[in-house]
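Below: one structure, written as structure tokens.
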Amino acid sequence: MKKKILINPKYEHLRSFITSLPDTFSQNGKVIYQSRNELRVFEKAGLSLNVKQFGIPLFFNRIIYKGFRPPKALRAYEYALKLQHLGINTPEAIGCICMSRRGLLDRCYFISLQVPYTRRFYEFGTAPLEGKEEIIRAFARYTARMHEAGVYHKDYSPGNILFDIREGKPEFCVVDINRMKFGPVGIKKGCANFARLWGQQPFFRILATEYAAARHFDAEVCIKWVLHYRQKFWKAYSQRHPPEFQLDL
């Protein structure tokens with residue numbers, strides 16, 4: 001078994017904890033999510049650390065990762081550093097471990113600081129918007145800043161957008177960032193990025209209007225494209241799974 005270990009120099013004092021994770025992960029920490037991938041929170045050196053253990057890829061994907069694509073843990077680590085450099089809020093990267101067996105990718109780990117945000121965008125599914133309009137507008141501006149910086153989160157879904165109200169203002173944080181694209185984001189691509197979000201049409205109209213203002217686009221054009229891509233995504237999704245909230249397509 002071979003290990004590739006990267007550690008943010010700022011957290012070199014956590015090296016012994018990080019290097020031991022393949023042997024200690026399943027016996028320690030607090031489980032906060034458990035499926036194919038598993039998330040645990042550890043308390044070390046006065047810090048709350050979020051550790052994501054990625055499931056072993058299927059055989060074909062293990063070949064792909066061998067020489068054609070960086071592992072998810074490595075992408076999450078490198079993308080987090082890049083986002084922070086661009087001023088986009090995401091959990092601070094601490095390190096990653098990529099393990100291989102007989103030349104094929106095995107288990108991998110991504111370690112980051114645990115963030116304090118308690119709310120996710122699931123709450124906008126069917127909730128009344130009264131009193132939440134400024135959260136939606138602030139989120140539109142946050143997304144516009146990402147797109148203007150050439151950052152495109154390919155899994156921009158409710159569970160991957162954390163937020164809270166701090167000192168009277170909404171703050172946002174993106175997670176699960178191993179699927180990102182970097183480059184120009186035009187009006188159609190930018191509007192399509194909202195398609196996976198939960199919410200009714202009034203939610204998306206507020207969102208699209210503020211996004212358009214932030215990027216100097218035509219508001220009616222943005223509303224049209226946002227609703228178009230939302231409808232396209234949820235119609236396809238509904239054919240495979242029952243939606244978790246009432247849709248108004």
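The values are calculated or read from the model by the stated rules, or taken from the named source; none is laboratory data. This structure is a prediction, so every number in the text was calculated from the model and none was measured. Every residue, glycine as well, gets a Cβ built from its backbone with ideal geometry; the counts of neighbours run over all protein chains shown. Please note that ligands, DNA and RNA were not included when accessible areas were found on the heavy atoms of the full protein model with its side chains. Shrake-Rupley method; radii C 1.70, N 1.55, O 1.52, S 1.80 Å.
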Residue list for segment 136-164, restricted to those being closer than 29 Å to MET99 by Cα and either of a type outside the set (A, V, I, L, M, F, W, C) or more than 18 Å from the chain's Cα centre (by Cα) (or both): TYR152, HIS153, LYS154, ASP155, TYR156, SER157, GLY159, ASN160
Meets criteria (more than 21 Å from ALA93 (Cβ to Cβ), in contact (Cβ under 8 Å) with a residue 40 or more places away in the chain, more than 17 Å from the chain's Cα centre (by Cα) and in a loop (DSSP other than H, G, I, E, B)) for GLU244: yes
Criterion violated by PRO22 - all others in (1) at positive phi; (2) in contact (Cβ under 8 Å) with a residue 12 or more places away in the chain satisfied: (1)
Exclusive hit being acidic (Asp, Glu), under 23 Å from LYS224 (Cα atoms) and either within 19 Å of the chain's Cα centre (by Cα) or surrounded by fewer than 18 Cβ atoms within 10 Å (Cβ to Cβ) (or both), set GLU167, GLU123, GLU171, GLU133: GLU133
Residue in segment 1-36 that is surrounded by the most Cβ atoms within 10 Å (Cβ to Cβ), counting only those that are of a type in the set (S, T, N, Q) and over 14 Å from PHE110 (Cα atoms): ASN28
Some residue of segment 72-92 being without any contact (Cβ under 8 Å) to a residue 24 or more places away in the chain, assigned to a helix (DSSP H, G or I), out of contact with any strand residue (DSSP E or B) (no Cβ under 7 Å at 6 or more places or on another chain) and of a type in the set (Asp, Glu): yes
Residues of segment 216-241 satisfying the condition of being among the small types (Gly, Ala, Ser) and over 23 Å from the mean Cα position of the chain (by Cα): ALA219
Verdict on TYR156 being open to solvent by less than 60 Å² (accessible area, probe 1.4 Å), touching a helix residue (DSSP H, G or I) at 6+ places or on another chain (Cβ under 9 Å) and part of a loop (DSSP other than H, G, I, E, B): yes
The lone exception for ALA93 - which of (1) exposed (fewer than 14 other Cβ atoms within 10 Å of the Cβ); (2) modelled with pLDDT of 95 or more; (3) touching a Phe, Trp or Tyr at 6+ places or on another chain (Cβ under 9 Å) it fails: (1)
Entirely in segment 3-58, the strands (runs of 3 or more DSSP E) that have 3 or more residues that are modelled with pLDDT of 95 or more: 38-44, 47-54
Any pair with Cβ under 7 angstrom, 6 or more apart, that starts in segment 208-233 at a residue that is modelled with pLDDT of 95 or more and ends at one that is among the aromatic types (Phe, Trp, Tyr): CYS222/TYR211; VAL226/PHE194; VAL226/PHE204; LEU227/PHE204; ARG230/PHE194; ARG230/PHE204
